[in-house]
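What follows is one structure encoded as structure tokens, with my remarks underneath.
The values are calculated or read from the model by the stated rules, or taken from the named source; none is laboratory data. These figures come from a predicted structure and were not determined experimentally. Because the Cβ atoms are built from the backbone with ideal geometry, glycine has one as well, and the counts that use them run over all protein chains shown.
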Amino acid sequence: MQTFDLETEGLRALNSQLHALKGQTNLTAWEIVNPKGAHAIAVGLDAPIDVTVRGSTGYYCAGMNKQATVRVAGSAGPGVAENMMSGTVIVDGDASQYAGATGRGGLLVIKGNASSRCGISMKGISIVVHGNIGHMSAFMAQSGNLVVLGNAGEALGDSLYEARIFVRGSVKSLGADCIEKEMRPEHYELLEDLLKRGEADAKAKPEEFRRYGSARKLYNFNIDNASSY
């Protein structure tokens, strides 16, 4: 275990050391102490390593992650796992706005609540939120999965494309072109896997969720739908 004191050694030194771990490395386990809400912790990682941040973080923690597993033993500020490519990011606490924004792959797990615009413009990432999500979540979501064990705020899935949204609790309102859809056997199978990987299988069962997706009425411009664009 490599322990890095962010307060004494600084953010630039931390990210430089982590970026140097290309390909195979023996330095696979890292612990970051004294984060104190610093921004851009462990961004741009591209190695099969495990990083644990002991405390809460600021903006863009684990952004652009590839291959690595990053756990935040606290809460995360805006943009956690933004533009994530692969690997896993786990937040033990709450996450602020646009968690997992534009994510292209991998798994983001939020053990607490997520604020507004969770999964905005997601492009393949899977997000599992144990608590609630805020308004405009999955706005313009193109592909991937958003699983919410709690409730969803206003305008869920506004203008989404082919992303799948699963909500266990209530939905305050659906956004433009977002509708409830049938749960089929493949969706139960997918949910079972995501709940297990998201460390939520002891809290919820696939049968308790409802699925939401695109009505596909906004793919091409239609004058009859002009007010929805």
Go through the range 146-185 and report how many residues are exposed (fewer than 14 other Cβ atoms within 10 Å of the Cβ) and closer than 23 Å to Thr88 by Cα. 1
How do the pairs read when you match residues in the range 103-115 that are outside the structural domain of Ser75 (by TED's automatic domain parsing) and crowded, with 22+ Cβ neighbours inside 10 Å with residues anywhere that are among the basic types (Lys, Arg) and part of a strand (DSSP E or B), using Cβ under 7 Å and keeping only pairs 6 or more apart or on different chains? Gly103/Lys123
Can you spot a residue in the range 4-16 that is assigned to a loop (DSSP other than H, G, I, E, B), at pLDDT 95 or above and touching a helix residue (DSSP H, G or I) at 6+ places or on another chain (Cβ under 8 Å)? no
Limited to the range 64-100, what total is found for residues that are crowded, with 21+ Cβ neighbours inside 10 Å, part of a loop (DSSP other than H, G, I, E, B) and touching a Leu at 6+ places or on another chain (Cβ under 9 Å)? 8
Scan the strands (runs of 3 or more DSSP E) fully inside the range 119-195 and keep the ones with 3 or more residues being farther than 14 Å from Leu107 by Cβ and under 15 Å from the mean Cα position of the chain (by Cα). 164-167
Please name all residue pairs, on different chains or six or more residues apart, with Cβ atoms under 6 Å, provided the first residue is in the range 88-100 and is touching a residue at least 12 places away in the same chain (Cβ under 8 Å) and the second residue is basic (Lys, Arg). Ile90/Arg71; Asp92/Lys111; Gln97/Arg117; Tyr98/Arg117
Restricting attention to the range 23-63, and to residues there that are in a loop (DSSP other than H, G, I, E, B) and of a type in the set (Phe, Trp, Tyr), which single residue is surrounded by the fewest Cβ atoms within 10 Å (Cβ to Cβ)? Tyr59
For the range 79-88, check the following and say yes or no: at least one residue is acidic (Asp, Glu) and either over 9 Å from the mean Cα position of the chain (by Cα) or modelled with pLDDT under 95 (or both). no
Can you tell me which residue is nearest to the chain's Cα centre (by Cα) among those in the range 46-77 that are of a type in the set (Ser, Thr, Tyr) and closer than 19 Å to Ala114 by Cα? Tyr60
